[in-house]
Amino acid sequence: MITPTKGIAPDRALLAVGAQVIQVLEHPLTVSQAWIRLKEWRVGNDHPAPISFGWFVLALDALHALGLLDLKDDLLTRRSVDAAPAER
């Protein structure tokens, strides 16, 4: 699921979908806005394999677990990535 496998196409793997989400998050968006932008991005970039909203949410979860995404005040925001990991 996270990476491409025999049953998961490369453009549907959670890391690939997560990378696509990061690309559409140029500024903070609601979950609904990010979902719409992702679907538009996939059509415009020739990724015809459909993904469900549940799959999109799993990609958001993976991004959050990797420390790349936050949800604050109902807005998804990208975290800046530093060379050194942040203390928690």
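Scan segment 60-69 for residues that are within 17 Å of PRO28 (Cα to Cα) and either assigned to a helix (DSSP H, G or I) or open to solvent by 60 Å² or more (accessible area, probe 1.4 Å) (or both) and the total you get is 4.
Residues that are charged (D, E, K, R), out of contact with any strand residue (DSSP E or B) (no Cβ under 9 Å at 6 or more places or on another chain) and either crowded, with 19+ Cβ neighbours inside 10 Å or under 13 Å from VAL24 (Cα atoms) (or both) within segment 35-59 comprise LYS39, GLU40, ARG42, listed in sequence order. Among residues of segment 14-33 that are in contact (Cβ under 8 Å) with a residue 12 or more places away in the chain, those with a Cβ under 7 angstrom from a residue that is among the basic types (Lys, Arg) and open to solvent by 40 Å² or more (accessible area, probe 1.4 Å), sequence gap 6+ or separate chain, pair up as ILE22/ARG78; VAL24/ARG37; LEU25/ARG78; LEU29/ARG37. Can you name the residue in segment 17-32 that is out of contact with any helix residue (DSSP H, G or I) (no Cβ under 9 Å at 6 or more places or on another chain) and under 15 Å from PHE53 (Cα atoms) and, of all such residues, is surrounded by the fewest Cβ atoms within 10 Å (Cβ to Cβ)? Top of the filtered list is SER32. Hey, any hits in segment 6-15 for a residue that's at pLDDT 95 or above and either touching a helix residue (DSSP H, G or I) at 6+ places or on another chain (Cβ under 6 Å) or on the phi > 0 side of the Ramachandran plot (or both)? No: segment 6-15 contains no residue that is at pLDDT 95 or above and either touching a helix residue (DSSP H, G or I) at 6+ places or on another chain (Cβ under 6 Å) or on the phi > 0 side of the Ramachandran plot (or both).
Within segment 5-28, the residues that satisfy the criterion of being part of a loop (DSSP other than H, G, I, E, B), farther than 13 Å from LEU76 by Cα and aliphatic (A, V, I, L, M) are ILE8, ALA9, ALA13.
Just a yes or no: is a residue in segment 29-46 outside any helix (DSSP H, G or I) and modelled with pLDDT of 95 or more? Checked segment 29-46: at least one residue is outside any helix (DSSP H, G or I) and modelled with pLDDT of 95 or more.
The values are calculated or read from the model by the stated rules, or taken from the named source; none is laboratory data. Predicted model, so just to flag it, every value in this text is computed and none were measured. Every residue, glycine among them, receives a Cβ derived from its backbone with ideal geometry; neighbour counts consider all protein chains shown. Quick note on the areas: whole protein, heavy atoms, side chains included, nothing else; ligands and nucleic acids left out. Shrake-Rupley method; radii C 1.70, N 1.55, O 1.52, S 1.80 Å.
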